[in-house]
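Throughout, read-outs are computed from the coordinates displayed, never taken from laboratory work. Keep in mind that what you see is a predicted model, and the values were worked out from it rather than measured. Every residue, glycine among them, receives a Cβ derived from its backbone with ideal geometry; neighbour counts consider all protein chains shown.
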Amino acid sequence: MLDPTCRVERTAWRANGRAGGERTIPEETAVAFTYNGSSYAVMMATPQDLEDFAVGFSLTEGIIQSPAEIESLQIVEESIGIELRMRLTEPHATAFRERRRYLAGPTGCGLCGIETLTEAMRRPNAVADDSTFTPKEIMAALDALHGLQAINEMTHAVHGAAFYRVGEGLVALREDVGRHNALDKLAGALARSGISGHGGICILTSRLSVELVQKAAAVGIPVLVAVSAPTALAVRTAEASSITLVAIARQDGFEIFTRLQRIKEQHAAHVLA
């Protein structure tokens, strides 16, 4: 399997002139998702945590509702990319054949296998979760990522998606050149470990677009925290999905855009799954 990073030669220009040397950069390869022999999507992604990617993508795209619906998974490396070859159990295989799609997506593409505006603008089910968090806990979740993004520490060029629970700390962290891919990998890691999104916080090292809200809602995560700003559509979708959207989260604080009631100065009883 490909290494997620590689060393390349480069010439650096600084105020005092040019200098040769090397830099570590992230690897990027085509990853194809196929189900029962039919192509669905091709994503440009970091070749790491591919089992998580396969399961998480399948969940957040609504192809499956549980990892148990994937009968088998093969990771097939080819000269031009990697194929995630999955077989679905029945009746899910038949249902998939009825919605078969194909899409070649650029890095970070979030709308996969979509043919209509209705599908692209799908409204996820509302996240039914009464958990509450204090501002201090939100900041603790953000701080928990510090120094743990191994690929980004080396390259400064990938996104991270992490899941945090009060009392447990950082439960899982995944990285990828695409922010949507990172969240899919995180969703897969949680599902494969039997961990629900209930009672947790998802931290994203990117801007918040609507696809990220849709994916978080698909796995039942009640709070999204991002270091950058949200889009207007992401805010509307988060409100409709009962997700608390926290953005522009920095060392000096953050901004809350939806479902303010989950963030409380005085901690109420915290609900966990």
> Whole-Hz Karplus ³J(HN,Hα) for the range 172-181, in order, using 6.51 cos²θ - 1.76 cosθ + 1.60 and θ = phi - 60°, x for Gly and Pro?
Replying inline: 7, 9, 9, 10, 6, 5, x, 5, 5, 4
> Based on the alpha-carbon gyration tensor of the range 197-236 and its eigenvalue square roots a ≥ b ≥ c, which shape applies: rounded if a/c is under 1.5, prolate if not and a/b is larger than b/c, or oblate?
Replying inline: oblate
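For H156 and R192, FRET efficiency with R0 = 25 Å and r from the beta-carbon atoms, rounded to 0.05?
Values: r = 29 Å, r/R0 = 1.15.
Efficiency at R0 = 25 Å is approximately 0.30.
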>> Classify the chain from the C-alpha gyration tensor, please: rounded if a/c falls under 1.5, else prolate or oblate depending on whether a/b exceeds b/c.
In response: oblate
>> Rounded, prolate or oblate for the range 135-262? Axes are the square roots of the Cα gyration tensor eigenvalues, ordered a ≥ b ≥ c, and the cut-off for rounded is a/c under 1.5.
In response: rounded
>> Once R0 is set to 25 Å, what does the formula 1/(1 + (r/R0)^6) return for the Cβ-Cβ distance between A95 and S72, expressed as a FRET efficiency to the nearest 0.05?
In response: 0.90
> Can you give the Rg to Rh ratio for the range 26-68, taking only C-alpha atoms and Rh from Kirkwood?
Replying inline: 0.97
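By counting other Cβ atoms within 10 Å of each Cβ, how are T89, T5, T132, T244 ranked from fewest to most?
On the way: T89 14, T5 18, T132 21, T244 26.
If I rank by nearby Cβ atoms, fewest first, I get T89, T5, T132, T244.
Once R0 is set to 35 Å, what does the formula 1/(1 + (r/R0)^6) return for the Cβ-Cβ distance between L148 and A19, expressed as a FRET efficiency to the nearest 0.05?
On the way: r = 31 Å, r/R0 = 0.87.
So the FRET efficiency works out to roughly 0.70.
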> Once fully extended, how much extra length lies between R123 and E255, figured as 0.36 nm per residue of separation less the alpha-carbon to alpha-carbon distance?
Replying inline: 45.2 nm
> If you stretched the chain out fully between R87 and A140, how much longer would it get, using 0.36 nm times the residue separation minus the C-alpha to C-alpha distance?
Replying inline: 15.1 nm
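When the dipole is taken about the Cα centre of the chain, and only Lys, Arg (+1) and Asp, Glu (-1) are charged at their Cβ, what size is it in debye, to the nearest 20?
Working: 26 positive and 32 negative charges, 121 e Å.
With Lys and Arg at +1 and Asp and Glu at -1, about 580 debye.
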> Ranked highest first by average number of other Cβ atoms within 10 Å, how do 10-21, 57-68, 220-231 line up?
Replying inline: 220-231, 57-68, 10-21
> Can you list the lysines whose alpha carbon sits under 22 Å from that of K185, skipping same-chain ones fewer than 8 residues off?
Replying inline: K215
> Could you give the distance between the Cα centres of the range 1-24 and the range 142-167, to the whole Å?
Replying inline: 23
